[in-house]
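Chemist: This is the structure I want to talk about, given as C-alpha cells.
The values are calculated or read from the model by the stated rules, or taken from the named source; none is laboratory data. Given the structure is predicted, the values throughout are model-derived calculations rather than measurements. Cβ coordinates were reconstructed from backbone atoms using ideal geometry, including for glycine residues, and neighbour counts include every protein chain displayed.
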Amino acid sequence: MAGERQNVVTPTASPEAAQPQPRRPNSQSETVWHALSEATWVADGRQDAPRVVYTFSDPNCPYCNRFSETARPWVQAGKVQLRHILIGIINASSSTKAAAILGASDPTAALIENERNFRQGGIKPAASVPEVVRTRLTQNHDLMAKLGFRGTPGIVYLDDQGRLQRLNGLPRTGGWERILGHR
C-alpha cells in the first residue's frame, strides 16, 4: 500500500455534467481542509458537486445516520458531496462495520447499505479489522480529536466566504442550508 492514496473515492459524476466551481478554502482554512482531503474517507455524491462536506461518522451512530438521511436530497440533486471519515468508537461492531465498508468493492454502496438498513442493524460487520484499516481508523480518530470533536457526527464545511466551519453533532433547525446550501 506504499504510495497509495488513502482516501476511498467512488465518484458518481456523469461525464456530461456541468462543472460548477467548488468552494475553495481561504488561506487560514487550507491546512485543515488539506488534512481532511488526505484522510481516509468514502465519497457519497457527485465528484463535481459545488459543495463538499466532511463528516466524522461511526457506522453505529444514530445521529450520523440522521445527518446522512437529511442530506440525501442535496446529495441526490448533485449539490453536495459528503465525505464520510469513518471511525469506530461507539461499540465493538463499529470498527468491524467500518472495515466492511472500507473493504467493500464499492465503499459508497456499502456505506449507503449501512444507512438504509440502519434500523435493522446496518451492514454486516467484517469478520476482523485488517491492520491497514485499523491504522486508518486510528488516524481518522486522531484527526477528529485534533479538530476538537468529541462525538459523532463531526461536520466540517466551508462557508460562503471559504472559512472553515465545524459543527459537533446535528445542526439545529434552520442550520441545514448553512451547511448544505439551498435546496
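Chemist: Which of the numbered conditions does F149 fail, given that it passes all the others? Conditions: (1) outside any helix (DSSP H, G or I); (2) hydrophobic (A, V, I, L, M, F, W, C); (3) more than 14 Å from D58 (Cα to Cα).
Modeler: That leaves (3) as the condition not met.
Chemist: Right, here's the next one. When you check E69 against the structure, is it of a type in the set (D, E) and either touching a Leu at 6+ places or on another chain (Cβ under 8 Å) or crowded, with 20+ Cβ neighbours inside 10 Å (or both), yes or no?
Modeler: In short, no.
Chemist: In addition: Give the residue that is farthest from A43 (Cα to Cα), with candidates limited to residues of region 89-117 that are of a type outside the set (G, A, S) and not in a helix (DSSP H, G or I).
Modeler: N91
Chemist: If you don't mind, there's one more thing I want to ask. Within region 47-55, is even one residue closer than 24 Å to R134 by Cα and without any contact (Cβ under 8 Å) to a residue 40 or more places away in the chain?
Modeler: no
Chemist: Please pick out the residue among L158, L180, L86 that is at pLDDT below 95, within 19 Å of E69 (Cβ to Cβ) and among the hydrophobic types (A, V, I, L, M, F, W, C).
Modeler: Answer to the check: L180.
Chemist: Okay, next question. I need a count of the residues in region 71-88 that are in a helix (DSSP H, G or I) and small (G, A, S).
Modeler: Qualifying residue count, region 71-88: 1.
Chemist: While we're looking at this one, here's another question. Take the residues in region 118-135 that are more than 18 Å from the chain's Cα centre (by Cα) and not in a helix (DSSP H, G or I); name whichever of them is surrounded by the fewest Cβ atoms within 10 Å (Cβ to Cβ).
Modeler: Selected residue: A127.
Chemist: So A92 clears everything in (1) under 25 Å from R183 (Cα atoms); (2) at pLDDT below 95 except one condition, right? Which one?
Modeler: Every listed condition holds for A92 apart from (1).
Chemist: Going by the structure shown, is A145 farther than 19 Å from S37 by Cβ and either buried (at least 18 other Cβ atoms within 10 Å of the Cβ) or not polar (S, T, N, Q) (or both)? Give the derivation first.
Modeler: On the way: farther than 19 Å from S37 by Cβ: no; either buried (at least 18 other Cβ atoms within 10 Å of the Cβ) or not polar (S, T, N, Q) (or both): yes.
Spelling it out, it is not the case that A145 is farther than 19 Å from S37 by Cβ and either buried (at least 18 other Cβ atoms within 10 Å of the Cβ) or not polar (S, T, N, Q) (or both).
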